[in-house]
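Trainee: Right, I'll just put the structure down here and ask away after.
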Amino acid sequence: MPSFEELFEELARHNDRSVIWNNWLDFVIKINLINHDGKETNYYGNEKTYFKMMQAWLNELAIKLEKYPYYDILGEFYEELVTSKVKSSQMGQFFSPVSVSELVNDIVHHDIKDHNLEGEIANDPACGSARMLLSAHIKSKGKLFLLGEELDGAAARMAVLNFYSHGCRGSILQIDTLTREFYAGWRINKYLYHGIPIPHIEEIYSPVEAYDFFELKNDNVDETTVAPTTISKSDVQTTLI
């Protein structure tokens, strides 16, 4: 199978890189929605390649997760190949290195073992592709509900897919954190332990819906549970069927 980068570059030869990237993110989210509105989106005949890209992404992520507890392939790829450093700096957009994400979580959650995390929320109001929240997910062994807010549409959608592929339960809002102007939102893996034991995404239509998790308890997650990473090399194909 061609690599994720090879498939992307194949499309980028004849199309704007940012457009291809945004369309692919949108495509993957939409085919994993459990509340799809049924409206078709024109992907200009690229659907087959987008699906192959999704397969390649999950395969490559599964390999990374054999070595690391979490891995932000999407953010890494976006930084290196989709957008330039000049554009990123103009937007004030830089992705936190893993070492910084780990340090922040070590400081914030240094006594995490001493607390009952039932109903607790970890919130990142400028989450980018959600690296800090992925780290919080691992350190809490999947017990925290995660809330990410991000103004940039591409970064918000990368965060959605990082939640989806790492078994995180929470919500991502594309929102202006200062003015609270809302653009889009998603709940991810809400029913992972309650009827839908595979990764899933719901589209939401107001910030209030982001908190609609708390009628469900973490009954199936105990202190010995390893953070529920749902993608492995052996089940990538099963996940995609």
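Trainee: Between residue 15 and residue 31, what is the spin-label point distance in nm, taking each point 7 Å from the Cα along the Cα→C-beta axis?
Mentor: 1.3
Trainee: For residue 209, what charge total do you get from the other residues with a beta carbon under 12 Å from its beta carbon, if Lys and Arg give +1 and Asp and Glu give -1? Please list the in-between numbers first.
Mentor: Values: positive: 187, 190; negative: 202, 203, 212.
Combined, the nearby Lys, Arg, Asp and Glu give -1.
Trainee: Then there's this: Sum up the charges of everything whose Cβ sits under 13 Å from the Cβ of residue 30, counting Lys and Arg as +1 and Asp and Glu as -1, but leave residue 30 out.
Mentor: Working: positive: 39, 157; negative: 26, 37, 40, 47, 202, 203.
Net local charge, residue 30 excluded: -4.
Trainee: Taking the number of other C-beta atoms within 10 Å as the exposure measure, put 31, 175, 188 in order starting with the fewest. Could the numbers behind the result be given before it?
Mentor: Details: 31 14, 175 21, 188 27.
In order of increasing Cβ crowding within 10 Å: 31, 175, 188.
Trainee: If each residue's Cβ is checked for other Cβ atoms within 10 Å, how do 4, 163 rank with the fewest at the top? Don't jump to the answer; show the numbers that get you there.
Mentor: Values: 4 22, 163 26.
Sorted ascending by nearby Cβ count, the order is 4, 163.
Trainee: Provide 53, 158 in ascending order of the number of other Cβ atoms located within 10 Å of each residue's Cβ, fewest first.
Mentor: Values: 53 24, 158 27.
By the 10 Å Cβ count, ascending: 53, 158.
Trainee: Something else about it: Excluding residue 176 itself, what net charge comes from residues whose Cβ is under 13 Å from its Cβ, given Lys and Arg +1 and Asp and Glu -1?
Mentor: Once positives and negatives cancel, what remains is -3.
All of the numbers you see were taken from the coordinates with simple rules; none came from a lab. Bear in mind that the values here come from a model prediction, so they are computed numbers and not experimental data. Every residue, glycine among them, receives a Cβ derived from its backbone with ideal geometry; neighbour counts consider all protein chains shown.
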